[in-house]
Amino acid sequence: MFKDKYVHNTNKRYSSQDKVECVLELLSGAKTLKMLHEEKGVSRDVVSRWKLNFLNKVHTLFEENKDNQKDSDKDKLIARQSKEIHLLKKLLQHYKNLQKNH
């Protein structure tokens, strides 16, 4: 998707993978803004925005695990309560049967 030579294109759309590649190259020090601009035709401002967006949202990768854990805990609680309700219904039915017999 990237250009081999610098081409100024203001309407270019880049895939998420292209954006991540640029940001990681920039963050790792493998490439500078100038290099990305010249090699891939991406504006320095655009890459800077991608980097800022990446840094602002990267922590959410780990928060999703917290949400998944919360959902798992809720599912376990629901399953336990369902078993308890089933047991209580059986006990109530047994109690009613005892009352009828006496």
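The values are calculated or read from the model by the stated rules, or taken from the named source; none is laboratory data. None of these values were measured; they are calculated from a predicted model. Glycine gets a Cβ as well: all are built from the backbone with ideal geometry, and neighbour counts include every protein chain shown.
If I ask for residues that are of a type in the set (A, V, I, L, M) and part of a helix (DSSP H, G or I), which ones from segment 37-56 would you list? So that I can check it myself, show each step before the final result.
Going through segment 37-56, the residues of a type in the set (A, V, I, L, M) turn out to be 42, 46-47, 52, 55.
Correct list: 46, 47, 52, 55.
Can residue 71 be described as out of contact with any strand residue (DSSP E or B) (no Cβ under 8 Å at 6 or more places or on another chain) and closer than 30 Å to residue 16 by Cα? Give the derivation first.
Values: out of contact with any strand residue (DSSP E or B) (no Cβ under 8 Å at 6 or more places or on another chain): yes; closer than 30 Å to residue 16 by Cα: yes.
Against the criterion (out of contact with any strand residue (DSSP E or B) (no Cβ under 8 Å at 6 or more places or on another chain) and closer than 30 Å to residue 16 by Cα), residue 71 qualifies.
Tell me which residues, restricted to segment 29-44, are touching a helix residue (DSSP H, G or I) at 6+ places or on another chain (Cβ under 9 Å) and surrounded by fewer than 11 Cβ atoms within 10 Å (Cβ to Cβ).
Keep residues of segment 29-44 that are touching a helix residue (DSSP H, G or I) at 6+ places or on another chain (Cβ under 9 Å), which gives 30-37, 40, 42-44.
Within segment 29-44, 30, 34 qualify.
Filter segment 1-28 for residues that are modelled with pLDDT of 90 or more, over 10 Å from residue 42 (Cα atoms) and either outside any helix (DSSP H, G or I) or of a type in the set (Phe, Trp, Tyr) (or both) and give the result.
Answer for segment 1-28, where residues must be modelled with pLDDT of 90 or more, over 10 Å from residue 42 (Cα atoms) and either outside any helix (DSSP H, G or I) or of a type in the set (Phe, Trp, Tyr) (or both): just 15.
Can you name every residue in segment 57-102 that is assigned to a helix (DSSP H, G or I) and either of a type in the set (Val, Ile, Thr) or touching a residue at least 40 places away in the same chain (Cβ under 8 Å) (or both)? Give the derivation first.
Keep residues of segment 57-102 that are assigned to a helix (DSSP H, G or I), which gives 57, 60-101.
Once the filter is applied, which keeps residues that are assigned to a helix (DSSP H, G or I) and either of a type in the set (Val, Ile, Thr) or touching a residue at least 40 places away in the same chain (Cβ under 8 Å) (or both), segment 57-102 yields 60, 78, 85.
Scanning for something loosely packed, with under 10 Cβ neighbours inside 10 Å and either of a type in the set (Ser, Thr, Tyr) or under 30 Å from residue 12 (Cα atoms) (or both), does segment 61-82 turn up at least one residue?
Checked against the condition, which is being loosely packed, with under 10 Cβ neighbours inside 10 Å and either of a type in the set (Ser, Thr, Tyr) or under 30 Å from residue 12 (Cα atoms) (or both), segment 61-82 yields at least one hit.
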